[in-house]
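Visitor: Structure incoming, see below.
Coordinate-derived values only; no laboratory data. Computed from a prediction, not measured in an experiment: that's the story for all the values here. Heads up, the Cβs are rebuilt from the backbone with ideal geometry, glycines too, and the neighbour counts pull from every protein chain shown.
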Amino acid sequence: MKLNLIFFLPFFFLALVSCEEKRNATPSHVESIVYDTLKNEYAKGFQLIYSSEGTIVNVLDPLTGELIKNYSIGKGEAYNVFSDSLHNVVALSTTHIGMLRKLGLESRISGVASYQHLCHPMNITKVHEVGDIGMTDPERILKASPDIIFYSGYNLNAPILNKLERVDKKTFLIYDWKETHPLGRAEWLKVFGVLFGKEKEAHHIFTEMKTNYHRIVTNLKEAKHQPTVLAGTYFGDVFNVPAGDSYMAHLLKDANVNYVYSEMEGVGSLNLGLEEVITKNLEVDYWINVAFNSFKDLIEQSAKFSMLKSVKTGQVYTYINDVNCFWENSPVEPDKVLEDFGKIFHPELMEESELIYYSRLANQ
Amino acid sequence: MLKFKDLHIGFKGKSKQEDTLLFKTAHQSFEAGDFVALIGANGAGKTTLFNTVLGLHKALKGNVLIEGQPLKEISREEKVKFLSYVPSKFSGIEHLTTYDLIALGRSPYTNILNRLTENDHQRIKEVIQQLDLTSLKDKDTLSLSDGERQIAMIGKALAQDSKLMVLDEPTAFLDYNNKRKIMYLLHDLAKKNKQLIFISSHDIELCFDYCNRIIAIDSHAKELIHFNTPFDKNEVIKSVFGG
Amino acid sequence: MTSKKKYWKQSLLLLIALIILVMYDLTLGSYAVSLQDVFNGIFRYNETNSEEMTVHVFRFPRVMTAVFAGIALSVSGLLMQTLFQNPLAGPYVLGINSGASLLVALSTMSSFHILGSDVGLVFSAMIGAFGAGLFILISSLYVKNKISLLLIGIMFGSFAGAMVNVIQAYADPNNLKTFMLWSFGSLQGIEFEELGLVGGLVLIGLFASILIIKPLNLLLLGDNAAHLLGINVRLIRLFIILITALLTGVITAYCGPIAFVGLVIPNFAKMIYKTANHYHLLFGSALAGAILIVACDIAMQLLSPYLNLPLNALTALIGAPVVMWIIMRKF
């Protein structure tokens, strides 16, 4: 026993020393690279760090700041290297499609989750239907020969992600939906800009949109009266409403209205009872984001809805008639949504009255 | 009381040619007070004859007559006053006491809510007395022994006050002691209550001891052969099993 | 049958318990309401008083729906268990609920409409329930073994459920939502004005069941024995299916499919009444069923600030362990 120990000891020493040397070697190498982190205007879910080597994209949890993923884009020898030109793109969420379209990259899409949810129909010979990320069939994704696969990360540990990595397919987490600020969500356009070498366009489009957004906000501030607004759907005997710090609540605040649950904490949605929602919102002026496109269907779900003033006066609006385009485009065009809100809640301040995504419920 | 007239027992096929005849009999007659056993080899048609007598199965030809009336013309409600039935095995029903079981036999006489009158209760008590079930009357039928259950079922048939009691292999699932007990009881009932008791059985020896009439199915000749007591055992056995 | 006094006493106790639970449940909701408001809301309704309005529009219909559903489902369950001589039979297990669901799914989510209106929905559910019942009944003519029949019912239920999934996959999202709400089970689907109709139908079903108490008792002995005691077994079977279809259909139409009640409550009633006489079991089951669903509603109301459990989840949470216990005791 003792003999073995003596035999191995010198090797052990040697290993230690060489490690030591390596550690002493690195500092000088690191000091030579300059990292410049781009300060985001609203988004909290990503960080763009520029350097001479390339760009690092960190994807964070907007609420906690925790680093979820990081990607290196550029010439360096880092692990997640994306090829210069990404020709075949699989977009598993429709918001990704909207952003790609904004940058004129729609033709690069080779795979979508489902044709059913598309805003504009796509050429089915060119674009494959690969299924939701929950589906554990990587072969369908491979059929689209992707250079990059965008996913939303509702389930960060989806088994398919591992499988794709094993066949050396690059996946990229787009955490835009976790942003609670409407402009923050749109700002993710910059991430797409970095990936496709279109930073300037992305920046330009974002700035234009942001300016328009602020213009509308300022305009709507002129309103003399803040109507009360209820938002949400009744589903499974439970009423689902956006919480006070959520994306929708932000939009409503910017629209200069009194959202009835703006004081309730939370960034997601709240589950409330039917009795509570109806008895507390009898006199509310507007109701938006219902799941039906006609009053008849709405009342069929529950006759009790007819007690609400918003229903009695016909002031119920929904995006259900344009649901695919709404989900695809509104994240990158929050100014359009705000414009719709302006037309609904403060029509006297708006030049046009035609709604973009929303529509009033039909009488039939 | 019970008559078979030109009775052909069997199964109807798709056409008259395909009918399966098990056996036939030109004439048989049974009176109140008779304790009759039907014997035959397996598959000879005991169960089929039984089901025909009970009105559950149609005869191929001929008639079963009860008190002069053809069985097929007796309505279901009327039939209960003539026929009572005891199955070969009763496993008990949870929460159904012996008293309750016997009371079910009074159903043909009760109203829509199955309410029992004083008269009904009286009759049930008489039956319990006669069958010596007093100590068991409030016991759950599930917890009775096989023999006790069989007796309780007979009690239900008795409470029905029918003229004819039909028992399908009443001793099949009982131990030897209980077999004798039941056969003696039936013999006694036939005499005392002036009922016609009709059983099917494989326990031919016991039939010799307790029954006063035996009808045997000769599957070879496809005939029903009738024997009166005293029985020539060899002749009886030969008629059923040949040889 | 034997001494009836103790059975009536038990039923009376259950009735008192039910009344107390109902009154308590009426005070529960998004905010507390006094008993005086409850009384006014039901009998001396003044629209402008918000507490009374809450009681009249929300609470009273919700609690009465619980009572009606409890009665209807447990009576159906009792009838099914006697018909099939199996303590595990129930309208849900035998696919009667699924049949109703399928028809409701067809009429709400596909172009196969029967009648568009609300009456159409109830009608669809009842036809679906009746159709499923008939299927089971016809199967019973070909299947000798009662356990096999139970399995056929379960398979039918699964099949109908799968068909519903297919319809859902191709449905218009709007209609899909209507259907999905329904499948969670809800006690809030009946309005005050409709209580009369639903209650009336449930009472008709209960009354019809009372009319066949004697045949039900005799069916316990088996089909042949019952026949030989004067029962028209075929007719009674059909009658039982009709009553079950009516009761299950109505409740399933307005409340969605509610599981386990029909299965658990009749067994529970048999356990506490210790009789095989349907005269007492009917009332016992009806009362116990109403108590169960009202109790579930009370639990849902008390839990709702913290947790929103759909009705079906609660009945399953309570029901499944009880079913397992029954099986362990009996088999």
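Visitor: Ranking A:215, C:62 by Cβ neighbours within 10 Å, fewest first, what do you get? Let's see the in-between values first.
Guide: Values: A:215 13, C:62 25.
Going from sparsest to densest Cβ surroundings: A:215, C:62.
Visitor: Could you give the size of the charge dipole of the protein assembly as shown about its Cα centre, using +1 on the Cβ of each K and R and -1 on the Cβ of each D and E, expressed in debye and rounded to the nearest 20? Mind showing how you got there, number by number?
Guide: Numbers: 85 positive and 89 negative charges, 833 e Å.
Taking the Cα centre of the protein assembly as shown as origin, the dipole is about 4000 debye.
Visitor: Rounding to the nearest 20 debye, state how big the charge dipole of the stretch C:3-330 is about its Cα centre with +1 on each Lys and Arg Cβ and -1 on each Asp and Glu Cβ. Numbers along the way, then the final one.
Guide: Values: 17 positive and 12 negative charges, 345 e Å.
It works out to roughly 1660 debye.
Visitor: So what is the relative contact order of the stretch A:221-360, in percent, for Cα pairs below 8 Å that sit 6 or more residues apart? Provide the component values of the computation, followed by the final result.
Guide: On the way: 229 pairs, mean separation 32.1, N = 140.
Rounded, it is 23 percent for the stretch A:221-360.
Visitor: Then there's this: Which of the helices in chain C meet the span-like rule: DSSP H, Cα axial reach of 27 Å or more, Kyte-Doolittle mean at least 1.6?
Guide: On the way: long enough: C:5-27 (34 Å, 1.06); C:60-83 (34 Å, 1.40); C:118-142 (37 Å, 1.76); C:146-169 (35 Å, 1.62); C:233-255 (32 Å, 2.00); C:278-303 (37 Å, 1.55); C:311-330 (28 Å, 1.35).
Once both thresholds are applied, what remains is C:118-142, C:146-169, C:233-255.
Visitor: How tilted is helix A:199-220 with respect to the longest principal axis of chain A? Cα atoms for both, answer in degrees (0 to 90, nearest 10).
Guide: 30
Visitor: Also, I was wondering about something else. Percent antiparallel among DSSP beta bridges with both residues in the protein assembly as shown, to the nearest 5?
Guide: On the way: 47 of 84 bridges.
The antiparallel proportion sits near 55 percent.
Visitor: Which one, A:157, A:193, A:131, is farthest towards the positive end of the dipole of the stretch A:111-201 when Lys and Arg carry +1 and Asp and Glu -1 on their Cβ?
Guide: Sorting the options by dipole projection puts first A:193.
Visitor: What nm distance separates the two modelled labels at residue B:223 and residue B:130, each placed 7 Å from Cα along Cα→Cβ?
Guide: Result: 3.7 nm between the two label points.
Visitor: R0 = 56 Å: FRET efficiency of residue C:137 with residue A:265, Cβ-based, nearest 0.05?
Guide: On the way: r = 56 Å, r/R0 = 1.00.
Efficiency for this residue pair is about 0.50.
Visitor: In addition: Assuming R0 = 25 Å, what is the FRET efficiency of residue A:360 and residue C:169, from their Cβ-Cβ distance, to the nearest 0.05?
Guide: Numbers: r = 30 Å, r/R0 = 1.19.
E(calc), rounded to 0.05, equals 0.25.
Visitor: I've got another one for you. Let me check I've understood the local charge: for residue A:38, count other residues with C-beta under 11 angstrom from its C-beta, Lys and Arg +1, Asp and Glu -1. What total comes out? Provide the component values of the computation, followed by the final result.
Guide: Values: positive: A:39, A:190; negative: A:36, A:41, A:187, A:199.
After counting each charged neighbour, the total is -2.
Visitor: Here is a further query. Quick one: putting +1 on the C-beta of Lys and Arg, -1 on the C-beta of Asp and Glu, what dipole do you get for the stretch B:140-242 around its Cα centre, in Debye to the nearest 20? Walk me through the numbers on the way to the answer.
Guide: On the way: 13 positive and 15 negative charges, 75 e Å.
It comes to approximately 360 debye.
Visitor: Using per-residue counts of other Cβ atoms within 10 Å, averaged over each peptide, order A:59-67, A:330-338, B:152-160 from highest down. Each step should come with its number before you reach the end.
Guide: Numbers: A:59-67: 14.2, A:330-338: 23.8, B:152-160: 25.8.
Result, highest mean Cβ count within 10 Å first: B:152-160, A:330-338, A:59-67.
Visitor: How much net charge surrounds residue B:168 when only other residues with a Cβ under 12 Å from its Cβ are counted (Lys, Arg +1; Asp, Glu -1)? Don't skip to the end; give the middle numbers.
Guide: Numbers: positive: B:46, B:89; negative: B:169.
Combined, the nearby Lys, Arg, Asp and Glu give +1.
Visitor: For chain B, what is the relative contact order in percent, using Cα pairs closer than 8 Å and at least 6 residues apart in sequence? Let's see the in-between values first.
Guide: Working: 470 pairs, mean separation 68.7, N = 243.
Computed value for chain B: 28 percent relative contact order.
Visitor: Oh, and also: Among C:209, C:148, C:285, which one moves the most in a GNM of chain C with springs linking Cα atoms closer than 10 Å?
Guide: Sorting by GNM fluctuation, first place goes to C:148.
Visitor: Taking R0 as 56 Å, what's the FRET efficiency between residue A:124 and residue C:238 from their Cβ-Cβ distance, rounded to 0.05? Walk me through the numbers before you get to the answer.
Guide: Working: r = 53 Å, r/R0 = 0.94.
So, using R0 = 56 Å, E works out to roughly 0.60.
Visitor: Name the most mobile residue of C:164, C:264, C:104, meaning the one with the largest mean-square fluctuation, in a Gaussian network model of chain C with Cα contacts below 10 Å.
Guide: Answer for the Gaussian network model of chain C: C:164.
Visitor: Ok, one more. For the stretch A:288-364, run through the GluC sites (Glu not before Pro) and keep only the ones in DSSP coil with at most 13 other Cβ atoms within 10 Å of their Cβ. Don't jump to the answer; show the numbers that get you there.
Guide: Values: sites: A:300, A:328, A:339, A:348, A:351, A:352, A:354; in loops: A:351, A:352, A:354.
Here the sparse-neighbourhood loop sites are A:351, A:352, A:354.
Visitor: Take every DSSP beta bridge with both residues inside chain B and express the antiparallel ones as a percent of the total, to the nearest 5.
Guide: Values: 23 of 41 bridges.
Of those bridges, close to 55 percent are antiparallel.
Visitor: Using the Karplus curve 6.51 cos²θ - 1.76 cosθ + 1.60 with θ = phi - 60°, what ³J(HN,Hα) values do you get for each residue of the stretch B:63-80, in whole Hz, with x for Gly and Pro?
Guide: Those phi angles translate into 9, 9, 10, 10, 6, x, 8, x, 4, 5, 9, 8, 6, 4, 5, 5, 4, 5 Hz.
Visitor: Find the Cα radius of gyration of the protein assembly as shown, compare it with 2.2 N^0.38 Å by division, and give the number to two decimals. Could you put the intermediate results ahead of the total?
Guide: Details: Rg = 39.5 Å, N = 938, 2.2 N^0.38 = 29.6 Å.
That works out to 1.33 for the protein assembly as shown.
Visitor: Something else: Report, in deg cm²/dmol and to the nearest 500, the calculated mean residue ellipticity at 222 nm for chain A, where each DSSP H run with n ≥ 4 adds -39500 (n - 2.57) and the sum is divided by the residue count. Show your work: numbers first, answer last.
Guide: Numbers: 13 runs with 132 residues, N = 364.
Mean residue ellipticity, 222 nm, calculated: -10500 deg cm²/dmol.
Visitor: Taking every DSSP beta bridge that has both residues in chain A, what percent is antiparallel when rounded to the nearest 5? Provide the component values of the computation, followed by the final result.
Guide: Working: 24 of 43 bridges.
Percentage antiparallel, nearest 5: 55.
Visitor: Can you give the helix-only mean residue ellipticity at 222 nm for chain B, where every DSSP H stretch with n ≥ 4 adds -39500 (n - 2.57) and the sum goes over all residues, rounded to the nearest 500 deg cm²/dmol? Kindly include the intermediate steps, with their values, before the conclusion.
Guide: On the way: 8 runs with 82 residues, N = 243.
Helix contribution divided over all residues of chain B: -10000 deg cm²/dmol.
Visitor: List, in the order given, every pair from A:280/A:309; B:46/B:156; C:274/C:330; B:139/C:274; A:253/A:280 whose Cα-Cα distance in the structure shown is over 18 Å.
Guide: Details: A:280/A:309 12 Å; B:46/B:156 23 Å; C:274/C:330 15 Å; B:139/C:274 12 Å; A:253/A:280 20 Å.
Pairs exceeding 18 Å: B:46/B:156; A:253/A:280.
Visitor: If you don't mind, there's one more thing I want to ask. Sorted from fewest to most neighbouring beta carbons within 10 Å, what does the list C:191, B:126 look like?
Guide: B:126, C:191
Visitor: Average partner chain C-beta neighbours within 10 Å, per residue of B:104-110? The partial results should precede the final answer.
Guide: On the way: counts 11, 1, 1, 9, 4, 1, 2.
Rounded to a whole number, the mean comes out at 4.
Visitor: Determine the calculated [θ] at 222 nm for chain C from helices alone, applying -39500 (n - 2.57) to every DSSP H run no shorter than 4 residues and normalising by the residue count; nearest 500 deg cm²/dmol.
Guide: On the way: 15 runs with 248 residues, N = 331.
So the calculated ellipticity at 222 nm is -25000 deg cm²/dmol.
Visitor: Sort the following peptides by mean Cβ neighbour count (other Cβ atoms within 10 Å, averaged over residues), highest first: C:78-91, A:141-154. If you can, show how the numbers build up before the last one.
Guide: Values: C:78-91: 24.9, A:141-154: 19.9.
Ranking the peptides C:78-91, A:141-154 by packing returns C:78-91, A:141-154.
Visitor: Within a 10 angstrom radius of each residue's Cβ in C:222-234, how many Cβ atoms of other chains show up on average? Whole number is fine.
Guide: Details: counts 3, 1, 6, 9, 2, 7, 16, 14, 11, 5, 2, 1, 0.
Rounded to a whole number, the mean comes out at 6.
Visitor: Summarise the partner chain shielding of C:213-221 as one whole number: the mean count of Cβ atoms from other chains within 10 Å of each residue's Cβ.
Guide: Values: counts 4, 8, 3, 1, 7, 3, 0, 7, 10.
Mean number of neighbouring Cβ atoms from other chains: 5.
Visitor: What shape does the stretch C:3-330 have by the C-alpha gyration tensor, where a ≥ b ≥ c are the square roots of the eigenvalues, rounded means a/c under 1.5, and otherwise prolate means a/b greater than b/c and oblate the rest?
Guide: Details: a/c = 1.82, a/b = 1.22, b/c = 1.49.
Cα axes put the stretch C:3-330 in the oblate bin.
Visitor: Right, here's the next one. Holding the Cα-Cα limit at 26 Å, pick out from A:190/A:343; B:24/B:181; B:81/B:125; A:44/A:163; B:81/B:137 the pairs that are longer than that.
Guide: On the way: A:190/A:343 29 Å; B:24/B:181 33 Å; B:81/B:125 20 Å; A:44/A:163 29 Å; B:81/B:137 24 Å.
Over 26 Å Cα-Cα: A:190/A:343; B:24/B:181; A:44/A:163.
Visitor: On C-alpha positions alone, give me the angle between the axis of helix B:118-130 and the longest principal axis of chain B, in degrees, nearest 10.
Guide: Approximately 70 degrees, to the nearest 10.
Visitor: Under 14 Å Cα to Cα from residue A:296, which aspartates and glutamates show up? Leave out anything in the same chain fewer than 8 places away.
Guide: Output for residue A:296: C:118.
Visitor: Taking springs between alpha-carbon atoms closer than 10 angstrom, which of B:87, B:170, B:230 fluctuates most in the Gaussian network model of chain B?
Guide: Highest fluctuation of the listed residues: B:230.
Visitor: Oh, and also: Using Cα positions and a limit of under 20 Å, work out the aspartates and glutamates in reach of residue A:312, with same-chain residues fewer than 8 apart set aside.
Guide: Within the straight-line limit of under 20 Å, residue A:312 reaches these aspartates and glutamates: A:275, A:276, A:283, A:285, A:297, A:300, C:47, C:191, C:193.
Visitor: Picking from B:63, B:39, B:178, whose Cα lies most toward the positive end of the charge dipole for chain B (charges on Cβ: Lys, Arg +1; Asp, Glu -1)?
Guide: Farthest along the dipole direction, towards plus: B:63.
Visitor: How high is the relative contact order of chain A? Use alpha-carbon pairs under 8 Å, at least six apart in sequence, and give a whole percent. Could the numbers behind the result be given before it?
Guide: Details: 636 pairs, mean separation 47.0, N = 364.
Averaging sequence separation for qualifying contacts and normalising by length gives 13 percent for chain A.
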